[in-house]
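The structure appears right after this line, and notes come after that.
The values are calculated or read from the model by the stated rules, or taken from the named source; none is laboratory data. Everything quoted here is computed from the prediction, not taken from an experiment. Here Cβ is always computed from backbone atoms with ideal geometry, including for glycine, and neighbour counts include all displayed protein chains. We work out accessible area using only protein heavy atoms, side chains counted, and drop any ligands, DNA or RNA first. Shrake-Rupley method; radii C 1.70, N 1.55, O 1.52, S 1.80 Å.
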Amino acid sequence: MQAETSTAVPAAISPVLAEVVRSGFVEGRHRGSLVLLDPDGRVELALGAADTPVFPRSANKPMQAAAILRAGLELAGERLALASASHSGEPFHRELVRRMLAEAGLTEADLQCPPDLPLDPEEAELHLAAGGIRDRITMNCSGKHTAMLAACAGNGWPAASCLDPEHPLQRLVRDVVEEASGEKVAAVGTDGCGAPLMAISLTGLARAFRYFVRAEPGSAERRVADAMRAHPEYVGGTRRADTWLMREVPGTLSKMGAEGVQAVALPDGRALAFKIDDGAGRALGPVLARALELAGVRGAVVERIGAAPLLGAGREVGAIRAAF
């Protein structure tokens, strides 16, 4: 049987956002798209396909958390930050997820996210060395899934179907995504954790983060932004760029997503979002650091985020660097 041939028009080649330089030789390149908004929300810089829909992956989590609040679940502080998180699976993350489950009358067996090791590589090694295995509570989305189940319980909604895109909670998520981004959801898929995943453009994603930072105090969106910024270690972990940035640049909202996605909003209204086409996580830090510099953010934290050395025989022989 002859394979079908696609008739789609090939997409334009994305610009190079990062280069892999070893011993002075460029051995690889990471292409992608990026958008930077000015303090008034206008597009200041657009590289590549900034208006083409993408799956923001876990950069959607603040919007999912706002929908959980709109559903009436009372969350604040570390609990709300963890509901917005791609946590590292460190002991303090796991302990709070267990407390949240117990407070909602749930157990680890109720979680619908898949079993996984801690997201942070160092934490995964420690977990395995201590005899740990892949389980649902160490999966980076367990805080969000706990909050979703608790919201269902509080409303009498069916828990078994809470990951269905037509579930009342997921319809609320869609409402938040569309309101915050100023766009209609272009496609709905399934994220790695099983939750519905809603596609918007990078420009829409940057606008959504700006919307959260600029929202009225007390609104669901502002409550999520404030909790994430006040407790960044629960959003990421002790060795994560989102944590460093929100802790060291006051008022900043930052969230990464799988497949090379990142979104940031600054307190002055600037915002940015980008996606690495090949999903390479190793390019995320250098591209984020360069985008922050273009947005006027500098200092030790930007240098730390941008550091991506390449090793040879255990010593530094090169680096991944931004190329724009």
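So how many residues does segment 52-81 have that are within 14 Å of Ser142 (Cα to Cα) and in contact with a Lys or Arg (Cβ under 8 Å, 6 or more places away or on another chain)? Adding up the residues that qualify gives 5.
Do we find a residue being part of a helix (DSSP H, G or I), closer than 21 Å to His231 by Cα and either in contact with a Phe, Trp or Tyr (Cβ under 8 Å, 6 or more places away or on another chain) or open to solvent by 20 Å² or more (accessible area, probe 1.4 Å) (or both) anywhere in segment 80-89? Yes; the residues of segment 80-89 include at least one that is part of a helix (DSSP H, G or I), closer than 21 Å to His231 by Cα and either in contact with a Phe, Trp or Tyr (Cβ under 8 Å, 6 or more places away or on another chain) or open to solvent by 20 Å² or more (accessible area, probe 1.4 Å) (or both).
In the set (1) farther than 13 Å from Lys61 by Cα; (2) open to solvent by less than 20 Å² (accessible area, probe 1.4 Å), Ala230 fails one condition alone, (2).
Can you confirm whether segment 60-70 contains a residue that is out of contact with any strand residue (DSSP E or B) (no Cβ under 6 Å at 6 or more places or on another chain) and outside any helix (DSSP H, G or I)? So far as segment 60-70 goes, no, none of its residues is out of contact with any strand residue (DSSP E or B) (no Cβ under 6 Å at 6 or more places or on another chain) and outside any helix (DSSP H, G or I).
Within segment 185-210, which residues are open to solvent by 10 Å² or more (accessible area, probe 1.4 Å) and free of Cβ contacts under 8 Å to residues at least 40 places away in the same chain? The answer is Val185, Val188, Thr190.
Taken together, the residues in segment 123-151 that are in contact (Cβ under 8 Å) with a residue 24 or more places away in the chain and either over 23 Å from the mean Cα position of the chain (by Cα) or part of a helix (DSSP H, G or I) (or both) amount to 13. Residues considered: Ala76, Ala65. Of these, the only one that is open to solvent by less than 10 Å² (accessible area, probe 1.4 Å) and either at pLDDT 95 or above or not hydroxyl-bearing (Ser, Thr, Tyr) (or both) is Ala65. Residues in segment 33-52 that are assigned to a strand (DSSP E or B) and either open to solvent by 70 Å² or more (accessible area, probe 1.4 Å) or at positive phi (or both): 2 in all. Against the test of being of a type outside the set (S, T, N, Q), at positive phi and open to solvent by less than 10 Å² (accessible area, probe 1.4 Å), the options Gly269, Gly257, Gly296, Gly236 yield a single qualifying residue, Gly269.
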